[in-house]
Amino acid sequence: DAGVTQSPTHLIKTRGQHVTLRCSPISGHKSVSWYQQVLGQGPQFIFQYYEKEERGRGNFPDRFSARQFPNYSSELNVNALLLGDSALYLCASSSRDRAYEQYFGPGTRLTVT
Amino acid sequence: AQRVTQPEKLLSVFKGAPVELKCNYSYSGSPELFWYVQYSRQRLQLLLRHISRESIKGFTADLNKGETSFHLKKPFAQEEDSAMYYCALSGGSNTGKLIFGQGTTLQVKP
């Protein structure tokens, strides 16, 4: 198992555009969480999905949305991009019984110009 | 409000010296606390969990509810311990929501 995978690795967008980030969890993991990590800060929770349902949402505007597919992969969508959305977006998967033990992907580096 | 504070951005010690990475938290209820670590060019990974009360790679952490702290300690630092360390709080019982501190870079000098 390659672990959690994310695509793309890097992305450059301009203000006002829309972006979709993708994540594939570890095989057997049904929970996916998304985090935003701004340079110099710790990861900040955005969403958690379990069995295709949203189980938690952080303090992010409605421009941020996500979904989980039947194969447990997930997409994070951000509309109307702002300069402040520039960050590393991390995806993490976990099993149901050990939700606290999150396995992180390498992240997608988003730059908004 | 739920919050995790790591007061030191950088901690630099010599090999063989004791290490203590500080973490304080704010949480109403019974917290679950963790330390995550990110070595150079590697992914963020779980180091230890307070409930398990185990020692991983020589590191231990004790939850002090009175002082709302969860400091990470190691008696003798090794060069391979150099990494970014994040203290994290679980935002609910067995949920996938973790609240992270800002992180502390540990630099172990030879």
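Looking at (1) more than 15 Å from the chain's Cα centre (by Cα); (2) farther than 24 Å from residue A:40 by Cα; (3) within 14 Å of chain A (Cβ to nearest Cβ); (4) exposed (fewer than 13 other Cβ atoms within 10 Å of the Cβ), which is the only condition residue B:52 fails?
Residue B:52 satisfies every listed condition except (1).
Residues in region B:63-80 that are polar (S, T, N, Q) and free of Cβ contacts under 8 Å to residues at least 12 places away in the same chain: how many?
1
Counting only residues that are within 9 Å of chain B (Cβ to nearest Cβ) and among the hydroxyl-bearing types (Ser, Thr, Tyr), which one in region A:23-39 is surrounded by the most Cβ atoms within 10 Å (Cβ to Cβ)?
Only one residue fits best here, namely A:33.
Can you name the residue in region A:82-103 that is closer than 17 Å to residue A:62 by Cβ and surrounded by fewer than 20 Cβ atoms within 10 Å (Cβ to Cβ) and, of all such residues, is nearest to the other protein chains (Cβ to nearest Cβ)?
That would be A:84.
Residues checked against (1) surrounded by fewer than 20 Cβ atoms within 10 Å (Cβ to Cβ); (2) more than 9 Å from every other protein chain (Cβ to nearest Cβ); (3) among the basic types (Lys, Arg):
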position	(1), (2), (3)
B:69	yes, yes, no
B:80	yes, yes, no
B:85	no, yes, no
B:88	no, no, no
B:98	no, no, no
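In the set B:40, B:12, B:30, which member is part of a strand (DSSP E or B) and among the small types (Gly, Ala, Ser)?
Criteria check complete, one pass: B:12.
Tally time: how many residues in region A:40-53 are more than 11 Å from every other protein chain (Cβ to nearest Cβ) and either in contact with a Ser or Thr (Cβ under 9 Å, 6 or more places away or on another chain) or in a loop (DSSP other than H, G, I, E, B) (or both)?
Result for region A:40-53: 2.
Go through (1) crowded, with 21+ Cβ neighbours inside 10 Å; (2) part of a strand (DSSP E or B) for residue A:67 and report which single condition fails.
(1)
For residue B:107, only one of the following conditions fails: (1) in a strand (DSSP E or B); (2) closer than 15 Å to residue B:10 by Cβ; (3) in contact with a Pro (Cβ under 9 Å, 6 or more places away or on another chain). What is its number?
(3)
Only one of A:8, A:106 is more than 16 Å from residue B:97 (Cβ to Cβ), touching a residue at least 24 places away in the same chain (Cβ under 8 Å), within 8 Å of chain B (Cβ to nearest Cβ) and touching a strand residue (DSSP E or B) at 6+ places or on another chain (Cβ under 7 Å). Can you tell me which?
A:106
Working carefully through the options B:73, B:9, B:65, find the one that is within 16 Å of the chain's Cα centre (by Cα) and under 24 Å from residue A:99 (Cβ atoms).
Being within 16 Å of the chain's Cα centre (by Cα) and under 24 Å from residue A:99 (Cβ atoms) holds for just one of B:73, B:9, B:65, which is B:65.
Could you count how many residues in region B:100-110 are more than 12 Å from every other protein chain (Cβ to nearest Cβ) and either within 13 Å of the chain's Cα centre (by Cα) or closer than 28 Å to residue A:57 by Cα (or both)?
So the count comes out to 1.
Among the residues of region A:1-22, which ones are over 16 Å from residue A:82 (Cβ atoms), surrounded by 13 or more Cβ atoms within 10 Å (Cβ to Cβ) and among the charged types (D, E, K, R)?
Listed by number, the list holds a single entry, A:22.
Condition first: of a type in the set (A, V, I, L, M, F, W, C), outside any strand (DSSP E or B) and at pLDDT below 90. Can you find one or more residues in region B:71-86 that meet it?
No - not one qualifying residue is present in region B:71-86.
The values are calculated or read from the model by the stated rules, or taken from the named source; none is laboratory data. Owing to the predicted nature of the structure, the values given are computational and were not obtained by experimental measurement. Cβ atoms come from the backbone with ideal geometry, glycine included; neighbour counts cover every protein chain shown.
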